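What follows is a set of notes on a single structure, which appears directly below.
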Number of protein chains: 2
Amino acid sequence: MGKSVDIPAVDGVAIEAATARQNSLTKPQGSLGRLEDLAVQLAGIQATERPNVDRKWIIVAAGDHGVTAQGVSAFPAEVTPQMVANFLGGGAAINVLSRMVGAEVMIVDCGVAGEIPGPTDALVRRSQGRGTADFTAGPAMSLEQADAAIDAGVAIAGELAEKGAQLIAPGEMGIGNSTSAAAITAVMTGADVSTVAGRGTGIDDEGLERKIDAINRGIARNKPSSEDPRGVLSAVGGFEIGFIAGLMLGAASHRIAIVLDGYIATSAALIAAQIDPAVTGYMIGGHRSVEPGHTIALDHLGLRPLLELDMRLGEGSGAALAMSIIDAAVNLHNGMATFAEASVSNRDE
Amino acid sequence: MGKSVDIPAVDGVAIEAATARQNSLTKPQGSLGRLEDLAVQLAGIQATERPNVDRKWIIVAAGDHGVTAQGVSAFPAEVTPQMVANFLGGGAAINVLSRMVGAEVMIVDCGVAGEIPGPTDALVRRSQGRGTADFTAGPAMSLEQADAAIDAGVAIAGELAEKGAQLIAPGEMGIGNSTSAAAITAVMTGADVSTVAGRGTGIDDEGLERKIDAINRGIARNKPSSEDPRGVLSAVGGFEIGFIAGLMLGAASHRIAIVLDGYIATSAALIAAQIDPAVTGYMIGGHRSVEPGHTIALDHLGLRPLLELDMRLGEGSGAALAMSIIDAAVNLHNGMATFAEASVSNRDE
């Protein structure tokens, strides 16, 4: 990437203070389970005993993929611009969920191929090209495009930080992008392609064979190395995936917590974590997708998602749902009475 | 129980209509996973293509347990009335969560032993006695008390139905009640006591031994039969557990959906389902507790909870969190655009 980001360590003093507060609240110690861990993690991220996640953003990054020419998706590529229009019109799943959790939605064109129908005033344009190239025939994008995609994400994170963002969920839309995510996951984790490629939006057995074959050919052709995350992005990535990787790095540099969505967002996290491992301290696993490669990617990052609801939609939908659990963790942390305040006997008394 | 309840079958026509609607929304079919199933289940429960869960109630039923004399809990019994006062004062976990999910909270004294400190104007008094008897020495309650506890729950469900309740989460508070829940689960499922007894609010190894021993002695002494749910409640149950069983039966009779909380609420569901198996069609699994017996009870009911966050608090806290997922499922079902409305190409086109 062109510019470098500086990610601070999470705050140990705040973590200790938040842990002590958790143990003083009117409940048996540990009885809120992962909600206690979440509150303490956010305290470390925000460097305060009492974290706050009122200001949330969901950023949906859209991009097209040349590899769709290989017949790897159940939907035609024209659906990418159509769904971007649906996001802008407020009719998609992520619009409904963002209203529920009180998050702002930002839709970013990172590299959509077709014309986006309807009014696009609210669209944030950071396009690096009209879709990536077919990675079975050469790199998906140039190294310069890879850098530009990451830098665009870092810059947007800076803008969100200025607006006061405390928690972000990067989502995506792009027909063919689970093929790119599987290729990235195979390279970054060393897993066999057949174990990380899934049915995406719903391809049949033959389509899955074509998808695995296309990924294997793309890796053989471009020879990406897991040590070179920019090279991996250039070889088999997507414009929206590079943008999300940059968004994550930028968010962490501003002490903004990041909720991971599904397989594609997590493949971007693999790229980001290879650029700077400190970013993982700012990540919260959101939802475990039914895509088999997602669990492999999450394990590689050491993350266990909060939810497992058999979803496989993307858009940031799993992360948006997880935001309501994170909200609960923070509200309990800040809003519950202590044993002393409520005159309740603790077990030690 | 004194009065009988009549539980209607879920509505097949509404289920078909809701399924058709799900398949018309702008997402790959099935990509919202369990959220799609939830919307369809609620359509069947409410007998409408477009269910609504805006009017939610969390009912926290409190009661004390004579078996605490056997040293089965990490907390003293005086904590039950203290925590009831905390619920009434708004400082407990369930108060924070109910505000978040937009649910009304009702606190019911089903049989608390000690005096409840502070103002109790908002307390609903349906006490069947000042705590149950120690079930290692005889039945926890009389059959008349068991009937009265269930009837009180049925009656409150009727009052909630009149207020327009669409979704309820029965929660509980009662030092010692995970011992009662384990005894009920052992009897109703046939599982060995050692597999269904857990650490509750946090007892040590010796306490767990005492707990298992007390349950075994209680079952040997009272000889409850799984065919006789009232007898099981009388033998090893709790006043709040009987109340919750009645609440569930009453809710189902009024087509109100029920979210299951943790182990104690689920043990009440076992009693309710033995009284009328039709009640299970109205149940939604909320959160899987770390108590090992909870999974055994859920499996017996054929339910898979929505959440698994390592919680073990009770109060309705797991069910309250699950309400936000249920809200999302219904909002997506009703609020998303269809392929036709948004001019998005479906895979069949």
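The table that follows gives values for the structure above.
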| item | result |
| --- | --- |
| Within region B:230-316, helices (runs of 4 or more DSSP H) holding 2 or more residues that are of a type in the set (Gly, Ala, Ser) and either free of Cβ contacts under 8 Å to residues at least 60 places away in the same chain or closer than 23 Å to residue B:34 by Cβ (or both) | B:239-253, B:263-275 |
| Which listed residue is within 27 Å of residue B:183 (Cβ to Cβ) and within 13 Å of another protein chain (Cβ to nearest Cβ), from B:79, B:60, B:72 | B:79 |
| Test set (1) under 24 Å from residue A:285 (Cα atoms); (2) not in a helix (DSSP H, G or I) - residue A:161 fails condition number | (2) |
| Condition broken by residue A:177, with the remaining ones in (1) within 14 Å of chain B (Cβ to nearest Cβ); (2) crowded, with 24+ Cβ neighbours inside 10 Å; (3) over 23 Å from residue A:217 (Cβ atoms) satisfied | (3) |
| Positions within region B:82-129 being away from every other protein chain (no Cβ under 13 Å) and of a type in the set (Ser, Thr, Tyr), in sequence order | B:120, B:127 |
| Residues of region B:107-148 that turn out to be closer than 27 Å to residue B:53 by Cα and either in a helix (DSSP H, G or I) or not assigned by TED's automatic domain parsing to the domain that holds residue B:240 (or both), as a count | 0 |
| Subset of region A:323-349 (residues that are under 24 Å from residue B:73 (Cα atoms), surrounded by 14 or more Cβ atoms within 10 Å (Cβ to Cβ) and among the charged types (D, E, K, R)) | A:341, A:347 |
| Complete set of residues in region A:327-336 that are more than 8 Å from chain B (Cβ to nearest Cβ) and either aliphatic (A, V, I, L, M) or within 15 Å of residue A:306 (Cβ to Cβ) (or both) | A:329, A:330 |
| From the options B:149, B:157, residue that is in contact with a Phe, Trp or Tyr (Cβ under 6 Å, 6 or more places away or on another chain), crowded, with 24+ Cβ neighbours inside 10 Å and of a type in the set (A, V, I, L, M, F, W, C) | B:149 |
| Enumeration of residues in region B:282-294 that are more than 14 Å from chain A (Cβ to nearest Cβ) and more than 14 Å from the chain's Cα centre (by Cα) | B:292, B:293 |
| Lone qualifier among B:211, B:163 - being basic (Lys, Arg) and under 21 Å from residue B:252 (Cβ atoms) | B:163 |
| Residue ID - farthest from residue B:190 (Cα to Cα), chosen from residues in region B:340-349 that are among the small types (Gly, Ala, Ser) and facing chain A (nearest Cβ under 9 Å) | B:343 |
| Test for residue A:95: is it closer than 22 Å to residue B:28 by Cα and free of Cβ contacts under 8 Å to residues at least 12 places away in the same chain | yes |
| Yes/no for residue A:85 being hydrophobic (A, V, I, L, M, F, W, C), touching a Phe, Trp or Tyr at 6+ places or on another chain (Cβ under 8 Å) and assigned by TED's automatic domain parsing to the domain that holds residue A:269 | no |
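Yes/no matrix, rows are residues, columns are (1) over 15 Å from residue B:256 (Cβ atoms); (2) within 14 Å of another protein chain (Cβ to nearest Cβ); (3) surrounded by fewer than 22 Cβ atoms within 10 Å (Cβ to Cβ); (4) more than 20 Å from the chain's Cα centre (by Cα):
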residue: B:5; (1), (2), (3), (4): no, no, no, no
residue: B:11; (1), (2), (3), (4): no, no, yes, yes
residue: B:20; (1), (2), (3), (4): yes, no, yes, yes
residue: B:24; (1), (2), (3), (4): yes, yes, yes, yes
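So that you can scan it fast, the table gives a plain yes or no per residue for (1) charged (D, E, K, R); (2) at the interface with chain A (Cβ under 8 Å from one of its Cβ atoms); (3) at positive phi:
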position	(1), (2), (3)
B:300	no, no, no
B:309	no, yes, no
B:315	yes, no, yes
B:322	no, no, no
B:325	no, yes, no
B:338	no, no, no
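So that you can scan it fast, the table gives a plain yes or no per residue for (1) within 30 Å of residue A:200 (Cα to Cα); (2) in a loop (DSSP other than H, G, I, E, B):
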residue: A:17; (1), (2): no, no
residue: A:20; (1), (2): no, no
residue: A:27; (1), (2): no, yes
residue: A:36; (1), (2): no, no
residue: A:57; (1), (2): yes, no
residue: A:69; (1), (2): yes, no
residue: A:72; (1), (2): yes, yes
residue: A:96; (1), (2): yes, no
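The values are calculated or read from the model by the stated rules, or taken from the named source; none is laboratory data. Fair warning: this is a prediction, and the values are worked out from it, not measured in the lab. Positions of Cβ are generated from backbone atoms using ideal geometry, with glycine treated the same way; all protein chains shown enter the neighbour counts.
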